[in-house]
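Each remark here refers to the structure printed beneath this line.
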């Protein structure tokens, strides 16, 4: 990601002078894997959860766990574990912007029918939508997000918040900023119970609020939401969101014609990539 950030700094700024883990959880899962009494299904489940926990912290290690889970699930015909491992492998490719491979694995996951996997299906659908969003194929992205809302009553509150948040992100990209804010208000209404998972979704919601208000030239409101997002990213030691914090601040400073601050924030983002490889 260093290359992308460098290009962004060179071509945007210089001429003027875009799922939530706890350390305790990861450590507990690693210890669990050392237990020789683990069944195969338990091992696959633990590997899948480790993959999920490590994304946004160490994507390479997360992909390693996901691939190990997939191979073991295939070998033992553990369909439920295989279904989720396909999603985790796809997420690894998404983190590298290898969308063709990511979509292939997300679709492999969606083809496996497993009872009691509704939440996993929704998550897989959202990740498919993200692939299309990141390729600027917004109609397809919205299709998969809205598909996740079909059985609204069965959705958990984090799932509802995530889907509304992602729809809001598309509206911002389409410059439908007022609509984005309305959808983000819906997302926020499901983020009131203090669950850890919700804190990561909440950071994204604050970030998108900030982008919408920036587009509407309401810079003080934009900065207020960015500050909330930045504070949370450091409290949770989430490198991905710390980088997003700096990039958001850089873009806002640029819009305010504060090019020195914009450049400084950009270099701060680059510095954080020494700890975490930001997706291309």
Q) Mean 1/r over all different Cα pairs, inverted: what Kirkwood radius does region 116-280 give, in Å? A) 16.3
Q.
Starting from 0.36 nm per residue, how many nanometres of slack lie between residue 104 and residue 267 once their C-alpha separation is accounted for?
A. 55.2 nm
Q: Which order do the peptides 220-229, 82-91, 252-261 take when ranked by the mean count of other beta-carbon atoms within 10 Å per residue, highest first?
A: 82-91, 220-229, 252-261
Q. Distance in nm between label sites at residue 67 and residue 111, each 7 Å beyond Cα in the beta-carbon direction?
A. 2.1
Q. Roughly how many Å is it from the Cα centre of region 56-111 to that of region 121-135, as a whole number?
A. 14
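Would you mind calculating the gained length between residue 134 and residue 216 on full extension (0.36 nm times residue separation, minus the Cα-Cα distance), in nm to one decimal?
27.3 nm
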Q: Sticking with the crude label model, points 7 Å out along Cα→Cβ, report the distance from residue 224 to residue 258 in nm, one decimal please.
A: 1.7
Q: Any chance you could list P(r) for region 20-114, counting all Cα-Cα pairs in 10 angstrom bins from zero, rounded to whole %?
A: 19, 50, 28, 4
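Just so you know, all these numbers are worked out from the coordinates, no wet-lab data involved. What you see is a predicted model, and the numbers here were worked out from it, not measured in a lab. Cβ coordinates were reconstructed from backbone atoms using ideal geometry, including for glycine residues, and neighbour counts include every protein chain displayed.
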